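Written out below as structure tokens is the structure these notes cover.
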Amino acid sequence: MRHRLARAGFWAGAAVIVHTLVGLPAALVVRAALRPRPVAGPADASEALPHVTVVLAAHQEVAVIAEKVRNTFALDHPAASIDLVLVCDGCTDGTASAARAAMPAGDGRLSVIEVPRGGKNAALRAGIAAARGEVLLFTDADAMLAPDALAHLLGPLRDPAVGGSAGRVSFAIDGEVAGEHGYWAAEDALRRLQTRGGSLTSAAGPVYLVRRGFAHPPPDGVTDDFWISVQVPVGGRRLVFVPDAAAHLPPPPSLRREFRRKVRIICAGLRGVWLLRGRFRGRFIDIQIVTHKALRRLLVIPATAMWLSSCVLARRHPAHAVIAVAGGLGVAGAGAAVALEGTSLGRLRPLRVAAHLATTLAASVAALAQLARGARNDTWGGDGA
């Protein structure tokens with residue numbers, strides 16, 4: 001009986017992993033090949049361009065906010081058709097005054113709203129309510145956009161089937177490529193594939209925009225960029241990836257800060273998928289959302305089931321013995337890669353990637369523990385996010 005359950009656990013775990021890492025990507029490839037859906041290029045300055053409101057929530061960002069304000073109004077877009085709503089979430093470091101000082105006196109394109117500390121989602125709700133544009137561009141305080149980023153993002157909106165677009169995240173990194181940078185490179189490849197045949201699952205927070213009708217205020221406890229951008233595909237429109245619309249960010253945070261950030265994001269992301277469950281209708285995009293945003297973040301569960309099952313079955317089959325040993329060595333190696341962070345050996349690319357993967361898996365375990373306890377963290381700042 002024990003061995004029968006172990007075999008069932010092994011194959012069930014394998015099925016989830018294969019579906020998540022192989023099955024869905026393969027389906028995306030087939031979909032893109034059979035029904036390619038082109039995306040329009042950047043908007044031309046001679047066209048009638050929509051009014052764009054940039055919505056930015058900030059907490060203690062005095063070090064970068066002036067540069068961010070200047071960066072926003074340096075975008076290639078008619079000056080009369082762009083404004084910025086900055087919501088200062090309990091800022092006590094002079095963020096609001098620094099932002100105002102970055103604009104000429106009397107320039108009404110900048111609106112600064114100061115609210116008590118309530119978390120990023122509460123700040124974004126205030127920003128969305130104050131926005132007056134036909135299109136809302138969401139970004140982060142430390143994300144500097146390329147001058148032509150907005151033009152590239154607006155281009156696809158000439159197609160009425162497109163409800164939003166997302167840009168590319170680029171990290172400033174010295175030396176070897178870090179694990180986080182490698183993660184974003186893999187994500188970009190997947191986003192290109194999703195766009196060729198349909199829609200993105202969701203956008204990344206540093207740079208994306210949606211038509212006003214899809215800018216649903218994010219409730220507390222969910223990931224803001226996921227919640228806002230996923231309304232586009234769930235609502236029947238396309239959300240497309242525009243790699244030429246670049247947002248440049250500072251180097252990724254340390255593994256310790258990255259761990260805390262990932263725990264918060266995984267918890268909030270899984271809550272977001274759960275809250276959306278009533279809007280799923282068995283469509284391809286619904287399967288894509290559940291696979292990409294839930295199953296992928298829960299892969300530690302089927303992977304653990306496979307390893308434990310192989311430990312039980314190791315004496316009966318050499319393949320399971322190999323899996324059991326390889327799993328143990330993999331965990332030990334990943335732990336060593338994390339321990340070596342900051343050392344000359346730890347800067348080697350394979351070890352940096354291994355450390356990043358280990359941090360992500362550990363964050364998944366911690367996030368599941370938090371969800372089981374019902375713990376929540378609706379504030380932000382101080383963890384690299």
Cut-off 17 Å, label point 7 angstrom out along Cα-to-Cβ of ALA129: give me the residues of the stretch 191-222 whose amide nitrogen falls inside. 215-221
Gained length - ARG100 relative to ILE113, 0.36 nm times residue gap less alpha-carbon distance: 3.6 nm
Between VAL322 and SER81, what is the label-point separation in nm under the 7 Å Cα-to-beta-carbon projection? 6.0 nm
Amide H contacts under 5 Å for ALA245, restricted to residues at least 5 apart in sequence or on another chain and with H modeled in the peptide plane, are ARG168
Candidates ALA375, ALA355, ALA12, ranked by Gaussian network fluctuation over the chain, Cα under 10 Å, top entry: ALA375
Inter-centroid distance (Cα atoms) of the stretch 11-38 relative to the stretch 215-249, Å: 22 Å
Virtual spin-label span in nm between ALA189 and ARG373, 7 Å along Cα→Cβ: 3.7 nm
Mind giving me the FRET efficiency for ARG315 and VAL18? R0 is 35 Å, r the Cβ-Cβ distance, nearest 0.05 is fine. 0.85
Carbon/sulfur fraction of accessible area - the stretch 217-261, other protein chains in place, 1.4 Å, %: 51 percent
The chain - accessible surface per residue (Å², probe 1.4 Å): 45 Å²
For the chain, modelled as a GNM with alpha-carbon contacts under 10 angstrom, which of SER165, SER81, SER199 fluctuates the most? SER81
Spherically averaged projected area in nm², based on the convex hull that wraps the Cα atoms of the stretch 185-233: 3.8 nm²
Amide H of GLU114 versus every other amide H placed in the peptide plane: which residues, excluding those fewer than 5 positions away on the same chain, fall under 5 Å? CYS88
Could you list which residues have their amide H under 5 Å from that of GLU61, counting only those 5 or more apart in sequence or on another chain, with H placed in the peptide plane? THR95
Have a look at PRO25, PRO302, PRO116 and tell me which one the Gaussian network model of the chain (Cα, springs below 10 Å) gives the largest fluctuation. PRO116
Suppose the chain between LEU5 and ALA33 were pulled fully straight at 0.36 nm per residue; how much longer would it get relative to their current alpha carbon spacing? 6.1 nm
Tell me, what does the Kirkwood hydrodynamic radius of the stretch 99-176 come to in angstroms if you use every pair of distinct C-alpha atoms? 15.7 Å
With the Cα gyration tensor of the stretch 217-324 giving a ≥ b ≥ c as the square roots of its eigenvalues, does the rule (a/c under 1.5 for rounded; else a/b larger than b/c for prolate; else oblate) give rounded, prolate or oblate? prolate
Provide the per-residue ³J(HN,Hα) series for the stretch 63-79, in order, calculated from phi with Karplus coefficients 6.51, -1.76, 1.60 and θ = phi - 60°, each as a whole number of Hz, with x at glycine and proline positions. 5, 10, 5, 5, 5, 5, 4, 5, 4, 5, 7, 9, 5, 6, 7, x, 4
Whole-Hz Karplus couplings 3J(HN,Hα) for the stretch 48-59, θ = phi - 60° and coefficients 6.51, -1.76, 1.60, Gly and Pro as x, run 6, 8, x, 6, 10, 9, 8, 10, 9, 9, 9, 9
Just tell me which lysines come within less than 23 Å, Cα to Cα, of LYS293; anything on the same chain fewer than 8 places away is out. LYS120, LYS262
Computed over the chain, Cα set: Rg, Dmax in Å: 22.1, 78
What is the distance, in nm, between label points placed 7 Å from the Cα along the Cα-to-Cβ direction at LEU308 and at ALA332? 2.2 nm
Mind putting a number on the dipole of the chain about its Cα centre? Charges go on the C-beta only, +1 for Lys and Arg and -1 for Asp and Glu, and I need it in Debye to the nearest 20. 2100 debye
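The values are calculated or read from the model by the stated rules, or taken from the named source; none is laboratory data. The shown structure was predicted, so the numbers you read here are calculated from the model rather than taken from an experiment. FYI the Cβ positions are ideal-geometry reconstructions off the backbone, even for glycines, and counts take in every protein chain you see. Note: areas computed on protein heavy atoms with side chains; ligands, DNA, RNA excluded. Shrake-Rupley method; radii C 1.70, N 1.55, O 1.52, S 1.80 Å.
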